[in-house]
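Here is the structure we will look at, set down as structure tokens.
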Amino acid sequence: MINGLRQIRGFVQKELGYETTGHDYTHIERVVSLAKLILKGEDADEGLVIIAAYLHDVSDDKVTTNPQAKRKAIADELIGVGYDQDFVKKVFEIIDNMSYSANLKTHHKLSLEGQIVQDADRLDAIGAIGIARTFYFGGHFGEIMYNPRIMPRTGMDKAEYRKRGTVINHFYEKLFKLKDQMNTPTAKKIAEHRQQVMRDFVAEFVDEWNGTK
Ligand code: ADP
Ligand code: NI
């Protein structure tokens, strides 16, 4: 049994329950399930993986306007259920360095536990769920779906990455790249199929857009 799990779940549910960009509590539950699956093939600290998976989006600047306050809330929550400063530090090392946007210009070396949470989060960004979340996010932030004259961007830093693009370009700017960036063999295998689902979808989308199908 993982210490304080029930309270931490309640905390995350309260923080992300009404999130409407694709980072709601159901995303967290899927990431936790995927992390458990990946854990079966790795010799890692299960408690750290599960706790970091639950907390990974709470203080992200995509979902909050006050990341500093959320970081404090996370630390208070962990200390409140009995974890020590060393554990809190390990959790922040994971959630601060695992995101795609944090790794655009530098490559952060993650602990094995961090690599597992990163893989789980990235698996939920691809495949059928990934397609749905991307359109959901794009709609929320006022992106257009597609414009064949707008080319996918390359070499972006975080500020450029956060500027509006098109939903279809997001597949080229991020989602198609994730398969080859998976850390663990379990995630690499799951990513193969999800990649194909996205490739088929984008090809079909463009054919229908062009009226050739
Ligand atoms: P991270 O937290 O790893 O930095 P991102 O912010 O890149 O993750 O994205 C999380 C999810 O939000 C993506 O997988 C995608 O579904 C969606 N998303 C992010 N940026 C865009 C965008 N410009 N257009 C559409 N969807 C996006
Ligand atoms: Ni996430």
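The values are calculated or read from the model by the stated rules, or taken from the named source; none is laboratory data. Remember, it's a predicted structure, so these values are computed and weren't measured experimentally. When we count neighbours, we look across all protein chains shown, and the Cβ atoms used for this are built from the backbone with ideal geometry, even at glycine. Each accessible area value is taken on the protein alone, full model and side chains, heavy atoms only, with ligands, DNA and RNA left out. Shrake-Rupley method; radii C 1.70, N 1.55, O 1.52, S 1.80 Å.
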| Exclusive hit being more than 21 Å from Ser111 (Cβ to Cβ) and open to solvent by less than 40 Å² (accessible area, probe 1.4 Å), set Asp57, Asp24, Asp61 | Asp24
| In region 7-28, what count of residues is obtained for those that are away from ligand 1 (no atom under 16 Å from the Cβ) and either within 17 Å of Asp119 (Cβ to Cβ) or out of contact with any helix residue (DSSP H, G or I) (no Cβ under 6 Å at 6 or more places or on another chain) (or both)? | 5
| Failed condition for Val88, given (1) in contact with a Phe, Trp or Tyr (Cβ under 9 Å, 6 or more places away or on another chain); (2) open to solvent by less than 30 Å² (accessible area, probe 1.4 Å) | (1)
| message | Could you list, ordered by first residue, the pairs with Cβ atoms under 7 Å in which the first is in region 202-213 and under 19 Å from Phe176 (Cβ atoms) and the second is of a type in the set (Ser, Thr, Tyr) and modelled with pLDDT of 95 or more, at least 6 apart or interchain? | response | Trp209/Tyr146
| said: Looking at region 98-124, I want the residues that are under 17 Å from Ala191 (Cβ atoms) and free of Cβ contacts under 8 Å to residues at least 60 places away in the same chain and have a partner that is more than 13 Å from ligand 1 (Cβ to nearest atom) and open to solvent by 10 Å² or more (accessible area, probe 1.4 Å) with Cβ atoms under 9 Å, at least 6 apart or on another chain. Which pairs are those? | reply: Met98/Gln115
| field | Only one of Ala69, Ala52 that is within 19 Å of Leu112 (Cα to Cα) and either among the small types (Gly, Ala, Ser) or touching a Cys at 6+ places or on another chain (Cβ under 7 Å) (or both) | value | Ala52
| field | Odd one out for Ala191, checked against (1) part of a helix (DSSP H, G or I); (2) among the aliphatic types (A, V, I, L, M); (3) without any contact (Cβ under 8 Å) to a residue 40 or more places away in the chain | value | (3)
| said: If a residue must be open to solvent by less than 30 Å² (accessible area, probe 1.4 Å) and within 15 Å of ligand 2 (Cβ to nearest atom), how many such residues does region 132-154 contain? | reply: 1
| Any hit, region 67-84, residues being surrounded by fewer than 20 Cβ atoms within 10 Å (Cβ to Cβ), farther than 24 Å from Asn3 by Cα and not charged (D, E, K, R) | yes
| remark: Taking region 109-131 and the residues there that are open to solvent by 60 Å² or more (accessible area, probe 1.4 Å) and not basic (Lys, Arg), the one that is nearest to ligand 2 (Cβ to nearest atom) would be Ile129
| message | Among the residues of region 145-161, are any part of a helix (DSSP H, G or I), in contact with a Gly (Cβ under 6 Å, 6 or more places away or on another chain) and near ligand 1 (Cβ under 10 Å from one of its atoms)? | response | no
